[in-house]
Structures are given as structure tokens and as C-alpha cells.
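Report on the following structure.
Here, each number is a calculation from the coordinates, and none is a lab measurement. Nothing here was measured: the structure is a model prediction, and the numbers come from that model. Positions of Cβ are generated from backbone atoms using ideal geometry, with glycine treated the same way; all protein chains shown enter the neighbour counts.
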Amino acid sequence: MRRKLVAGNWKMHFTATEAAANVECLADAVTARDDVDVVVCPSYLSIAAVREATKRTRLEVGAQDVFWAAQGAFTGQVSAEMIKAAGCIYCIVGHSETRGRFGKVEVPSETVCYFADSDHTVNLKIQALINTGLRPILCVGETQSERDANMTDAIISTQIERALDGCQPDEMSELVVAYEPVWAIGTGNVCDATEAQRVCNLIRASISDRMNSELANAVRVLYGGSVKESNAKELFHQPDIDGGLVGGASLNPREFAAIVRAA
Ligand code: PEP
């Protein structure tokens, strides 16, 4: 039986003080639930304050990205070992925003190349996290134009296959995969629950093909993209959806707590 998991991606919101205050608001609502894992992913600079604030709670902490090398001359980057030492258990990898695949483009198009994750760098990051004992939350998802061109299934299975290239099934039991259709992120256009279930089932089938069926059944698969209090229950009650990766709605402790209750 897979445990439900709800993760909040706080993106580039909150100073360290604000992030810690948000945890205080969330703690009571979340501590009442011992059947759902709840993770918050603040910016790197807020991880220490959030970790301190979560110590007396059931909340766990994740990072939003990682660099794959262990150390070296990589200005601005953060290694898996640094993330682990700061108290994180999880780390998001391959979010569509770090892949430069924006649903709602709010950056000038000529800067998109600076958000440059590829399937190959995602794979290197997954390997760095696994080797360090951190749990990757691997994001996969198609853009609107890929969906319109009936490419969804091919995009998803290719992203899974390339992300897991060279990984060993017996090391991957803590992997989490988030199906995040790019067109649903931050747009209010949530994916229909039946379609989200279909794609999450496809994700398990791809893991089964690439690894084995035991791992495919053990991996937690989340849905992300405009999850709200009003739609969480239907999504999280689909057989292959084990919870959610929540962006905008995770910034509001009352709404995030309601989404956790829906799981
Ligand atoms: C996300 O960015 O991972 C996300 C799911 O965002 P939102 O919930 O705001 O659509």
C-alpha cells in the first residue's frame, strides 16, 4: 500500500522569516494527519529556517533543484550533499520551469535558454540524489502543443526512460514521479481526473518497462498542475495518483492544509 504524499513547491516565494512563519501556520493542520507525508520545498536560502521550524512537526523538507557534481567550480550551484546536510529528504528534479518549458510564459522568450534542464541533466541529477540518499521528485509533462499533436504518451514515456537511464531498480524505491502537464501549471486549467489517472498509469507502465513491475507498483506518482482544495479530492482518489505536487495553492497554509486533508 503506497502512502499518500503532498508536496508544496514554494518556488521563488518567501524570505526565510516568511517561510518559517508559514510552517508555523501549517503545522497544526498537518500534524493531525499521520497517514499522509507532507513536504514543503522552499528556496535554498530558506531551507535552514524551515527545517528548524518543522522539527516539532511531521512536515518534511525538500529542495527545488540540485546540481549533479559533488563539488567544484560551479558558481551558483548547490550539490546533493549540501541539500542533505541542510536537512532535506526530497528534491524536485526536472520541473518544467527549470526545463524552460513554461506553460504561462512570464519571462522574455530569449531568456528561456537559461532554464536549461534537458533529459540528460535530469538523469545526472537523479543519479546524484540517489547516490546521496535523497528522494527525487521527478517531474514529467507535455506542453499544450505536444498534447494537441497527440504526443503526450510519447513525451511522458521518453522523459521517464531518459531520466532513469543507468539507474538500478533496487536503488529507486524512494523515487517519486510527478505528472505535471505544462499547460496546467499556474494556469487554473487543471487536467481532468480521468485523463490524469490515464497518464499516471502510463508512467507506471513506463517504469515497469524500463525497470520492473515491482518498482512500478511501489513508486509514488503525484499529479501537479492547478491543484486546489476544490479539485484535490477527485484527483487524489484515482487509483494511480498518490497525492499532489502543489505550486500556487501551497503558498496559502489554509488551502494547503485542505489539500492535505483531501489526500
Ligand atoms: C508546479 O509548479 O509544480 C505547480 C504544480 O504549480 P501550480 O500548482 O501553481 O499549478
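If N is the number of residues in segment 37-143, what value comes out of its Cα radius of gyration divided by 2.2 N^0.38 Å?
Working it through for segment 37-143, the quotient is 1.10.
Compute the distance in nm between two label points, each set 7 Å from the Cα along the Cα-to-Cβ direction, one at Ala29 and one at Asn201.
Calculated label separation equals 3.2 nm.
Multiply the residue separation of His120 and Ala154 by 0.36 nm, subtract the distance between their alpha-carbon atoms, and state the gained length in nm to one decimal.
10.6 nm
Which value at 222 nm does the chain reach when only helices count, each DSSP H run of 4 or more adding -39,500 (n - 2.57), with the total divided by all residues and rounded to the nearest 500 deg cm²/dmol?
Dividing the helical sum by the residues of the chain leaves -11500 deg cm²/dmol.
Net charge within 14 Å of Ile156 by Cβ-Cβ distance, Lys/Arg positive one each and Asp/Glu negative one each, not counting Ile156 itself?
Details: positive: Arg99, Arg101, Arg147, Arg162, Arg198, Arg204, Arg210; negative: Asp119, Glu142, Glu146, Asp153, Glu161, Glu180, Glu195, Asp209, Asp240.
Computed value for this residue: -2.
Which of Gly72, Gly244, Gly94 moves the most in a Gaussian network model of the chain with Cα springs under 10 Å?
Gly72
As an exercise, identify the trypsin sites (Lys or Arg not before Pro) in segment 219-263 lying in DSSP coil whose Cβ has no more than 13 other Cβ atoms within 10 Å.
Listed in order of number, the matching sites amount to none.
Take every Cα-Cα pair in segment 143-194 and report what % of them are more than 19 Å apart.
Cα-Cα pairs of segment 143-194 separated by over 19 Å account for 39 percent.
Checking the table Lys55/Lys228; Lys104/Lys125; Lys11/Lys125; Lys55/Lys84 against a 21 Å threshold on Cα-Cα, which pairs fail?
From the list (Lys55/Lys228; Lys104/Lys125; Lys11/Lys125; Lys55/Lys84), the Cα-Cα distance tops 21 Å for Lys55/Lys228; Lys104/Lys125.
Between segment 130-154 and segment 220-257, how many Å separate their Cα centres?
Using only Cα atoms, the two centres lie 17 Å from each other.
Let's see if you can work this out: charge +1 on each Lys and Arg Cβ, -1 on each Asp and Glu Cβ, no other charges. What is the dipole magnitude of segment 82-183 about its Cα centre, in debye to the nearest 20?
300
Name the trypsin sites (Lys or Arg not before Pro) in segment 1-86 that are in a loop by DSSP and that have at most 14 other C-beta atoms within 10 Å, would you?
Details: sites: Arg2, Arg3, Lys4, Lys11, Arg33, Arg51, Lys55, Arg56, Arg58, Lys84; in loops: Arg2, Arg3, Lys11, Arg33, Lys55, Arg56, Arg58.
Qualifying residues, ordered by number: Arg2, Arg3, Lys55, Arg56, Arg58.
Amide H of Gly244 versus every other amide H placed in the peptide plane: which residues, excluding those fewer than 5 positions away on the same chain, fall under 5 Å?
Hits under the 5 Å cutoff: Leu5, Val6, Ala7, Tyr223.
How big is D, in µm² s⁻¹, for segment 123-209 by Stokes-Einstein at 37 °C and 0.692 mPa s if Rh is the Kirkwood radius over C-alpha pairs?
It comes out at roughly 240 µm²/s.
Any number yet on Rg/Rh for the chain, C-alpha, Kirkwood?
Looking at the chain, the ratio lands at 0.93.
Output the relative contact order of segment 1-55, whole-number percent, from Cα pairs under 8 angstrom with separation of 6+ residues.
54
Run the numbers for Lys104 and Arg3: contour at 0.36 nm per residue of separation, minus the present Cα-Cα distance, in nm.
Roughly 33.2 nm would be gained on extension.
Under a point-charge model restricted to the Cβ atoms of Lys and Arg (+1) and Asp and Glu (-1), what is the dipole moment magnitude of segment 32-140 relative to its Cα centre, in debye to the nearest 20?
That gives segment 32-140 a dipole magnitude of about 240 debye.
Within segment 96-144, report the GluC sites (Glu not before Pro) that DSSP leaves as loop and that have at most 10 other Cβ atoms within 10 Å. Please list the in-between numbers first.
Values: sites: Glu97, Glu106, Glu110, Glu142; in loops: Glu97, Glu106, Glu142.
Filter output for segment 96-144: Glu106.
For each of Met172, Met1, Met12, count neighbouring Cβ atoms within 10 Å of the residue's Cβ, then give the residues from fewest to most.
If I rank by nearby Cβ atoms, fewest first, I get Met1, Met12, Met172.
Thr57 to Asp209: extension gain in nm, 0.36 nm per residue of separation minus the Cα-Cα distance?
Net length gain for the segment: 50.9 nm.
Could you give the dipole magnitude of the chain about its Cα centre, charging the beta-carbon of Lys and Arg +1 and that of Asp and Glu -1, in debye to the nearest 20?
Charge dipole, the chain, about its Cα centre: 540 debye, nearest 20.
Quick check on the exposure proxy: order Ser43, Ser230, Ser250 from fewest to most C-beta atoms within 10 angstrom. Before the final figure, lay out the partial values.
Numbers: Ser43 18, Ser230 13, Ser250 27.
Placing the least packed residue first, the sequence is Ser230, Ser43, Ser250.
Taking the chain as a Gaussian network, where each spring joins two C-alpha atoms under 10 Å apart, which residue of Ala249, Ala196, Ala27 fluctuates the most?
Checking each option, the largest mean-square fluctuation is seen for Ala27.
Given the options Val107, Val122, Val38, which has the most mean-square fluctuation in a GNM of the chain, springs set between C-alpha atoms less than 10 angstrom apart?
In the Gaussian network model the winner is Val107.
With 10 angstrom as the radius, rank Cys91, Cys113 by how many other C-beta atoms surround their C-beta, starting from the fewest.
With the sparsest Cβ surroundings first, the list reads Cys113, Cys91.
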